[in-house]
Amino acid sequence: MARLLPTPLLIGLLAGPLALGGCAASEGALAAYDSGYASGAEDLGEAGDDGGAGDDGYAPEEPEAELGRPPAATPRYVFVANTDRDTVTRIEVATLAVITAPVGAGPTEVIVSPDNSVAAVFNEGSDDLTVLDTEALSQATVGLRPNLNQIVMSGDGEWVAAWHDGALEDTSVGATSYNEVSLVHLGRLDHTPLIVGYNPRQVRFTPDHQRLLVVSDDYLSIVDLTADGLEPLRVRIAADTLDAPVAEELVLTPDGQTAIIRQFGATELVVVDLVTGEVGAIAVGDNPTDIDVTPDGTQAVAVARGSNELWIYALSDVFAEPQVIVLPDAVPFGSVLMSPDNSRGLLYSTASGAPAFAAWDRAAPIEDSISLYGLLKGVAGMALSPDGKAGIVLHQAGANGDLDSASPFYNRDALTLVDMDDYFTNPIRLVAPPEQLASTRDGGLGFLTLEGTASLLQLDYARLIHDEVPLSSAAAHLGVLPEGRTVYVSQEHPLGRISFYAPDSGDLQTITGFELNAAIER
Amino acid sequence: MLHAHRRAARGPALRACLLPLATLAALTGCDPWSRLDPQGEADLDEALWSDQLVAAGDRVYVRLPHAGALLELAPDGAVRQVDLDGAAPEQVIPLPDGEAAFVFARWPICADDDEDIVLVDECPEDALEEGSELRLVSGHRTSGTYALAPHFNTLQFSPDGQTAVAFLDPAQGGYPEVSGVADLTEVVFLPLGGGAPLAVSTGSSPKQVLFTTDDEGRNDRAVILSTSQVVVVDVATAEVLVTYPLALDVDTVIVPEQALVAGGGRYCLLAVDGGRELYRLDLVNESIDIEDLEGTPALLAELQLGEGSGEVATLVGYDDIAALDVLDGLTNERVQRFSLDHPVNRSLQEGQTLIAWSSQSDIYKDVYIINLDTAEVDEQRAGNPLRSLQLSDDGRFAVGEMGPDNYGDGSAQDNLHGLFVLELGEGQPTNLALSSAPVGMALSTRGEQSFVLLLLDGDDQLYKVDLSRPSFAVPVELPAPPSSLVRLDDGRVAIAHASPLGLVSFYDPANDEVSSIAGFATTQMLVEPTLPRRADN
């Protein structure tokens, strides 16, 4: 699913003063869970196959796609990784001065530390990390374990973890273990290899920056970053060792002490005490396919697609009785998206192909809180503008639903803009599949790139109007500068090309050939 | 830098049925043959003189290939041999101010130091080498000598007149002459005010040298355009300051075609062969930006905006777009587009009048007169496609040579060469027909009058066309059939004639006076060539 908002996990991290206070599971709940483990898998409900259909017959929902990765930017610079040219380009926002620095082979990701002093460049081709001083561009290189393809940085900018994300294309060579994570301390420039559970699904740092968490198929690995040795505590989260349900997602309580893990095809959520390693469980209906933390960080919301239910938990006491809302059974819902003010949620499914979504009004009585709305085509992803006043629905070309073959949208990629006040929709036919989406911080405009297309689509969220900004070549990476409303979009060009678009003035400034700058000899 | 020595080749003898002639000490306008005893015959290795006159100031230089000498001829009849210390001139290039000229010169060297060897022919063939140098001559005297390898074939001059730059331009054609081991990418800076030459290797074939200007008006940096890279050099020290690559892959060859220094020396703009990009090299921030253009650039020129304002912009014309674009000198953004009927690749500017035309088409005949103040485009039409266009010294007239129109419109002029004359701001042009192709053309302004002077192929006369009354061409009788023509600084012209013993005439269009100098080519005609310098000179 597409999200403009930070991921639910990230919401947990950013949710201001956290709701601290005891949230350790009650002994009774843990004891019940322990006995469930001892007595066998049948007490835990049926488990779905890894990646296969659950009880409801549908595949897992699309994971929260990163249609708009945060730009690798400081207030002063934007960093762009040039994968094909083994370089990173730093663009000074004020002057558009460009400096390109050689890094390792095949850089795919750049992350800037929160204090803007360091940029970590993941070089997938050479299996290492380039640590750049964002001002001086001096650099150091730290080797990583081979065949990794994803990185994440801790919130304090001290650590970077790299792992192999099975959702991405596997280009591994040689003998490969899918149980590995590389952990790098950016200050000491040292690397610690870790063995975690098979097939890491999600890797994140706790909000207090004290732990690294790795959710794998059937393990949660916890690394205490404050301890010597950095040994992972591997906590089994699947009792059934032969046919374990696959863990897909993890959310944290606001104090960062407890993790809630969703498994596909299960009937319970696994609750892990990150301090003691104790494992418990809470009921979640049938086949939970999505779980998010509300923007205020006080609740976790899970969608049980198999039983068509919404389960709401208080993160201050996850073992307390949850609130359960029965959803209309006309359409299967598998994903949930919360509005920034927590007043509404959007429910939809990317797996069923149903051309519909539901709006959840949290202020309304439960029996009247869910309203169903139809769409032109099935949903491939959904997002909200930063102020929550507009929704963006992405549709796949082939998800035609009941669409007449004579429709101009039949077998065409499309998106729908939704006015969140009255849920009025404006479907827009696209010329190619959407790739990246970014929005201005004021929530007024969104920008979309399309696969292989030399244009930028500007979305006016208030008026539901779209405009096309032509580019010189196909767009590659998109982002909005930290301040103001200027958009940067790198494009395909053998010598490097990036454009800066100011929507208020309509000015488009393009720099081409910046890769040559790395080869200038002085 | 070492003198460049190479083994000299003894070329085939030019056998001519000539009478043996004594060296002429005095040259007059009379026929020298009449004073000689007609006996025997002699073989000449090369021509007695070259009719490719080189004008410098108010005089001309004439090469005598056979004698290996250089003569200075003046309109007053004076003939002086330029002292080259025994070296033979290969090429003469005048300085822009006309006060001096550079001479590429060579001389034979015998590696055998036997003092009995005096003549070139006495030196064993395997010991015969060749030295090369560059001489700066003022009048008939040498004011400077620079040791220069034989492969250099091009000189460019800095606008401030302080520096000459020598390099090998492959576009000049032929094979470079290499003496021993040579760096053919070397560029040599020659300080004209004195000082040793400084050489810098640019790493690839240099094509053009541009200059930046400091606040004191001196050309402080040279921007050397080479294949796939641009090198910026400190003129005073020949230190390489910055090297800008034009491609990332060494297998990619990028050839700069059009280039200029813009933005007050801030940028170097260049268009590349066959490309639709405009490279903008930031000479201050040392960065590169490439801008995609709508078409293939065929014209890149600096445009002066606003009379006396000092504001400049960049003019871009295209091979495939019928338009002229004006780019802001600093931001490179297009500020204006002049839509035309066909593409143009040449331009001239006179004040706030821009003249644009195409010189590479057999079809296009339009000449566009653009008022830069009002942006009005006045379209004029030449009778036939233009091959060249230039402005008179007073800027009042645009004069061009027209070729035959291969796709004619049935006019009487289609198959004829022609002359295009346009008085700027005064309406229609005058298209004149010529009986044959011009072999020499010069514009001349004498006093208040402007003329175009023409030599036509196979025609023994010079034609003077008063540009204020172009339809009335005046033929001027010449002492012999002309072969070439050059213009002197004062508006007179020097004309070379097809005369084996040398004949040059000077013509003043103001009063139609013609004066001639003849017989000068017999200088040292029968003198056995001696070794001018020893091997250690």
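According to the calculation over all Cα-Cα pairs in the protein assembly as shown, the P(r) per 10 Å bin from zero is 2, 9, 14, 16, 14, 10, 9, 8, 7, 6, 4, 1, 0, 0 %.
What net charge is computed for the residues neighbouring A:Ala454, neighbours being all others with C-beta under 13 Å from the C-beta of A:Ala454, Lys and Arg scored +1, Asp and Glu -1? Within the 13 Å Cβ shell, the charges total -4. Over chain A, Cα pairs under 8 Å with separation of 6+ residues give a relative contact order of 12 percent.
Remark: mean inter-chain Cβ contacts per residue of B:240-248 equal 5, using a 10 Å Cβ-Cβ cutoff to other protein chain atoms.
Each residue of segment B:372-380 is assigned a 3J(HN,Hα), and the resulting list reads 6, 6, 9, 6, 6, 10, 9, 9, 10 Hz, derived from the Karplus form 6.51 cos²θ - 1.76 cosθ + 1.60 (θ = phi - 60°), x at Gly and Pro. Within the same chain, lysines fewer than 8 places from A:Lys377 are excluded, and of the rest, those with a Cα less than 28 Å from its Cα are A:Lys389.
Only sites in a loop by DSSP and with at most 11 other Cβ atoms within 10 Å count here; which chymotrypsin sites (Phe, Trp or Tyr not before Pro) in segment B:457-510 make the cut? Intermediate results must be reported in sequence, preceding the final value.
On the way: sites: B:Tyr463, B:Phe472, B:Phe506, B:Tyr507; in loops: B:Phe472.
Answer in residue order: B:Phe472.
For segment B:148-246, what is the convex hull (Cα atoms) projected area averaged across all directions, in square nanometres?
Working: hull surface 25.4 nm².
Mean orientational projected area (segment B:148-246, Cα hull): 6.3 nm².
Ordered by 1.4 Å accessible area with all protein chains kept, B:Glu115, A:Glu248, B:Glu477 run largest first as B:Glu115, B:Glu477, A:Glu248. Taking amide H as placed 1.01 Å from N in the peptide plane, the amide H of B:Arg446 sits under 5 Å from that of B:Phe451, each at least 5 places away or on another chain.
Rounded to the nearest whole Hz, the Karplus-based 3J(HN,Hα) values (6.51 cos²θ - 1.76 cosθ + 1.60, θ = phi - 60°) of segment A:349-357 follow the sequence 9, 8, 9, 7, x, 5, x, 6, 8, with x at glycine and proline.
The fraction of Cα-Cα pairs per 20 angstrom bin, counted from 0 for chain B, comes to 19, 48, 30, 3 percent, rounded to whole percents. May I ask for the longest run of chain B untouched by trypsin sites (Lys or Arg not before Pro) that are loop-located per DSSP and have at most 12 neighbouring C-beta atoms (other than their own) within 10 Å? That would be B:11-533.
For chain A, the calculated P(r), taken from all Cα-Cα distances in 10 Å bins from zero up to the bin holding the longest distance, is 4, 18, 28, 28, 17, 5, 0, 0 percent. Taken residue by residue and averaged, Cβ atoms of other chains lying within 10 Å of the Cβ of B:281-287 number 4.
Remark: segment A:331-341, residue by residue, has Karplus-estimated 3J(HN,Hα) of 9, x, 10, x, 9, 9, 9, 8, 6, x, 8 Hz, where x stands for each Gly or Pro and the curve is 6.51 cos²θ - 1.76 cosθ + 1.60 at θ = phi - 60°.
Per residue of peptide A:485-497, the mean number of Cβ atoms on other chains within 10 Å of the residue Cβ is 2.
If you find the alpha carbon centre of segment B:380-410 and of segment A:426-474, how far apart are they in angstrom? That distance is 52 Å.
With the alpha-carbon atoms of segment A:102-165 aligned to their principal axes, the span from lowest to highest coordinate is 29, 25, 15 Å, starting with the largest. Dividing the mean sequence gap of close Cα pairs (under 8 Å, 6+ apart) by how many residues segment B:412-479 holds gives a relative contact order of 22 percent. Annotation for segment B:289-330: GluC sites (Glu not before Pro) lying in DSSP loop with at most 14 further Cβ atoms inside 10 Å of their Cβ are B:Glu294, B:Glu307. Cα centroids of segment B:435-493 and segment A:66-142: how far apart, whole angstrom? So the two Cα centres are separated by 67 Å. Taking amide H atoms as placed 1.01 Å from N in the peptide plane, the amide H of B:Ser516 lies under 5 Å from those of B:Phe506, each 5 or more residues away in sequence or on another chain.
Against the criterion of solvent-accessible heavy-atom surface with a 1.4 angstrom probe, A:Arg236, A:Arg204 sort, most first, into A:Arg236, A:Arg204.
For the chain pair A and B, the interface hides roughly 1300 square angstrom of accessible area in total, found with a 1.4 Å probe. Under the combined filter of DSSP loop state and at most 15 neighbouring Cβ atoms within 10 Å, segment B:397-434 retains these chymotrypsin sites (Phe, Trp or Tyr not before Pro): B:Tyr407.
Under 13 Å from the Cβ of B:Ala498, count the other residues' Cβ atoms, weight Lys and Arg +1, Asp and Glu -1, and hand me the total.
Numbers: positive: none; negative: B:Asp51, B:Asp457, B:Asp459, B:Asp460.
Charge balance in the 13 Å sphere: -4.
Each Cα pair under 8 Å and six or more residues apart adds its separation to the average, and for chain B the resulting relative contact order is 11 percent. Residues whose amide H lies under 5 Å from that of B:Glu277, counting only those 5 or more places away or on a different chain, are B:Val272, B:Leu293; hydrogens are built 1.01 Å from N in the peptide plane.
The values are calculated or read from the model by the stated rules, or taken from the named source; none is laboratory data. In this text, all values refer to a predicted model and were calculated from it rather than measured experimentally. Here the Cβ is made from the backbone with ideal geometry for all residues, glycine too, and neighbour counts use every protein chain on show. Surface areas here come from the heavy atoms of the whole protein model, side chains and all, with no ligands, DNA or RNA. Shrake-Rupley method; radii C 1.70, N 1.55, O 1.52, S 1.80 Å.
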